[in-house]
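Visitor: Below is the structure I would like to discuss, written out as structure tokens.
The values are calculated or read from the model by the stated rules, or taken from the named source; none is laboratory data. Just so you know, these numbers come straight off a predicted model, no measurement behind them. Glycine gets a Cβ as well: all are built from the backbone with ideal geometry, and neighbour counts include every protein chain shown. Remember, those area values only see protein heavy atoms, side chains included, never the ligands or the DNA or RNA. Shrake-Rupley method; radii C 1.70, N 1.55, O 1.52, S 1.80 Å.
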Amino acid sequence: SPGDALAALRAAIMQAAIACGAVPIAAAAPRLPNTACLALPGVRAETQVIALDLAGVRVSAGAACSSGKVARSHVLDAMGLGALAGEAIRVSLPWNASAEDVRAFADAYQAMAERLARRAA
């Protein structure tokens with residue numbers, strides 16, 4: 001099914017980001033198969049959004065309910081994430097996402113993580 005295919009692509013995105021030091025933010029409730037929330041410790045969400053945007057990858061900061069805001073997501077704060085709440089990005093895959101899109105994200109995320117995490121250390 002399309003949902004299963006998107007969930008598999010989401011899993012691949014999460015695996016690639018985790019390999020670069022990201023922390024997956026998982027909700028206890030069921031979620032859409034095309035979305036992932038990832039935090040990169042020590043790197044502000046806004047900085048990640050800008051770096052990925054410059055690489056041609058569009059993501060958002062925080063939780064879906066905080067879109068368009070620059071402030072930390074109150075939803076992620078309420079989940080007890082501490083500093084990670086300000087370091088989380090949301091990745092949403094379109095209905096027609098492909099393995100090539102996952103590779104492009106993985107390459108951009110790895111380059112961004114290597115550059116910014118090194119600076120944050």
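Visitor: Which of the residues spanning region 85-106 are open to solvent by 40 Å² or more (accessible area, probe 1.4 Å), part of a helix (DSSP H, G or I) and touching a residue at least 40 places away in the same chain (Cβ under 8 Å)?
Guide: Passing the criteria: A99, D101, A104.
Visitor: Would region 29-47 turn up any residue that is open to solvent by less than 40 Å² (accessible area, probe 1.4 Å), part of a helix (DSSP H, G or I), on the phi < 0 side of the Ramachandran plot and touching a residue at least 12 places away in the same chain (Cβ under 8 Å)?
Guide: Checking region 29-47: at least one residue is open to solvent by less than 40 Å² (accessible area, probe 1.4 Å), part of a helix (DSSP H, G or I), on the phi < 0 side of the Ramachandran plot and touching a residue at least 12 places away in the same chain (Cβ under 8 Å).
Visitor: Condition (residue is of a type in the set (G, A, S), within 20 Å of N96 (Cβ to Cβ) and either out of contact with any Lys or Arg (no Cβ under 7 Å at 6 or more places or on another chain) or touching a residue at least 40 places away in the same chain (Cβ under 8 Å) (or both)) applied to region 15-26: is it met by at least one residue?
Guide: Kept after step one, since they are of a type in the set (G, A, S), are these residues of region 15-26: 16-17, 19, 21-22, 26.
Now narrow it down to the ones that are within 20 Å of N96 (Cβ to Cβ): 16.
This time we only want the ones that are either out of contact with any Lys or Arg (no Cβ under 7 Å at 6 or more places or on another chain) or touching a residue at least 40 places away in the same chain (Cβ under 8 Å) (or both), so: 16.
Checked against the condition, which is being of a type in the set (G, A, S), within 20 Å of N96 (Cβ to Cβ) and either out of contact with any Lys or Arg (no Cβ under 7 Å at 6 or more places or on another chain) or touching a residue at least 40 places away in the same chain (Cβ under 8 Å) (or both), region 15-26 yields at least one hit.
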